[in-house]
Amino acid sequence: MKINLLRFAMLSLLLVCFAGSLTLVSCQEDPKIRILEQEKEAKKQEAIFNSINQGWRFNAQTVTQTAGSLTSNWAEWRMFLTELGQKPKSSIGAFKQKAKALSKRALDLNNNIPMAYNTPEVKSRIAAITTKINAVNLYIHLQQIPDQKIVELIPSINTEVNALQFQLEEITRKSQIKMEDGESDMLQMLDTTRAIPSSPKVKSLP
């Protein structure tokens, strides 16, 4: 009986020692694994930053005369272009802040639109810009940032911005088209004809 108890005690001691050694080895390996994981994550974030940094090429230049002239009396348009032209450089965090600011500036384009350009067509162009910039803002704030989707959206946003500018120019062009020779006189004659009351019919005598 004593021998069995002795064997059991020795076996228990060996098990405790073995478990302790495993714990010691595990404690020694955990920091190394943690460091490797941190390095891996750092390289991944650096690759994402480089990808976005290279693809972040917004065109903030006005491409039509009308769009250029509106920067002086449509503050929201001017501030949007200014925000669009300022590229972050330091970190992913800086790009996140820029995307958030761009979303706000794009939304603000709906405010104080000059009366001549406050049309459904212009608002539709603004909505397209806002939607795509909001998508960039959404993607860049995800835990796993889809950098390729962000980079692919940027040329599309540039296209939408140019489309808005050409829409503004088209409105200006149409407003400046002069009436053809004789068209004004014809319109005046039509107005005059409409203005002359029709003479009452004279009843014939029985």
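The values are calculated or read from the model by the stated rules, or taken from the named source; none is laboratory data. None of the values given here were measured: they were computed from a predicted structure. Glycine also receives a Cβ, built like all others from the backbone with ideal geometry; neighbour counts cover every protein chain displayed. With ligands, DNA and RNA removed, areas are computed over all heavy atoms of the protein, side chains included. Shrake-Rupley method; radii C 1.70, N 1.55, O 1.52, S 1.80 Å.
When only residues in segment 52-66 that are crowded, with 17+ Cβ neighbours inside 10 Å and among the hydrophobic types (A, V, I, L, M, F, W, C) count, which is farthest from residue 169 (Cα to Cα)?
That would be 52.
For every residue, the table says whether it meets (1) of a type in the set (D, E, K, R); (2) under 20 Å from residue 60 (Cα atoms); (3) over 15 Å from the mean Cα position of the chain (by Cα).
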position	(1), (2), (3)
93	no, no, yes
116	no, no, yes
129	no, yes, no
134	no, yes, no
156	no, yes, no
161	no, yes, no
168	no, yes, yes
173	yes, no, yes
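Among the residues of segment 97-110, how many are open to solvent by 60 Å² or more (accessible area, probe 1.4 Å) and over 19 Å from residue 71 (Cα atoms)?
Final tally of qualifying residues: 2.
Look at residue 69 and say whether it is modelled with pLDDT under 95 and either surrounded by fewer than 19 Cβ atoms within 10 Å (Cβ to Cβ) or not small (Gly, Ala, Ser) (or both).
Taking the combined requirement at face value, the residue does not satisfy it.
Residues are listed down the side, and each one gets a yes or a no for (1) modelled with pLDDT of 95 or more; (2) part of a helix (DSSP H, G or I); (3) touching a Leu at 6+ places or on another chain (Cβ under 7 Å):
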residue	(1), (2), (3)
95	yes, yes, no
101	yes, yes, no
113	yes, no, no
125	yes, yes, yes
148	yes, yes, no
159	yes, yes, no
179	no, no, no
187	no, yes, no
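Would you mind stating whether residue 59 is at pLDDT 80 or above and part of a helix (DSSP H, G or I)?
For residue 59, the condition - at pLDDT 80 or above and part of a helix (DSSP H, G or I) - is not met.
For segment 111-132, does any single residue satisfy the condition of being in contact (Cβ under 8 Å) with a residue 24 or more places away in the chain, open to solvent by less than 60 Å² (accessible area, probe 1.4 Å) and among the acidic types (Asp, Glu)?
no
Go over the candidates 165, 144 one by one and state the one that is of a type in the set (S, T, N, Q) and either at pLDDT below 95 or open to solvent by 30 Å² or more (accessible area, probe 1.4 Å) (or both).
144
Are any residues in segment 35-51 over 14 Å from residue 148 (Cβ atoms) and either open to solvent by less than 80 Å² (accessible area, probe 1.4 Å) or of a type in the set (Gly, Ala, Ser) (or both), and if so, which ones?
Answer for segment 35-51, where residues must be over 14 Å from residue 148 (Cβ atoms) and either open to solvent by less than 80 Å² (accessible area, probe 1.4 Å) or of a type in the set (Gly, Ala, Ser) (or both): 42, 45.
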